[in-house]
């Protein structure tokens, strides 16, 4: 079982914003890409039920065989 922390979700949100910039969907502009990063991280934290007080969530990854 892997514990996913708010640090992990922050790292993922940084990578997503960087990818969106690289693909040209958003500009490399300090004025607002940190806001976009925060929104992405908040959505991931909500999805994984990670709050600022818990700081982590345990999730189980299962392989689905087709």
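What follows draws every value from the coordinates through simple rules; no lab data is involved. Please read all numbers here as calculations on a predicted model, not as lab measurements. Cβ coordinates were reconstructed from backbone atoms using ideal geometry, including for glycine residues, and neighbour counts include every protein chain displayed.
Compute the Cα gyration tensor for the stretch 2-59, then decide on rounded, prolate or oblate, letting a ≥ b ≥ c be the square roots of its eigenvalues: rounded whenever a/c is under 1.5, prolate when a/b is larger than b/c in the other cases, and oblate in all that remain. Because a/c hits 1.5 or more and a/b exceeds b/c, the stretch 2-59 counts as prolate. In this simple spin-label model, placing a label point 7 Å from the Cα along the Cα-to-Cβ direction at both residue 30 and residue 10 gives a separation of 1.8 nm.
Packing around the peptides 30-36, 45-51, taken as the average count of other Cβ atoms within 10 Å per residue, puts them in this order, highest first: 45-51, 30-36.
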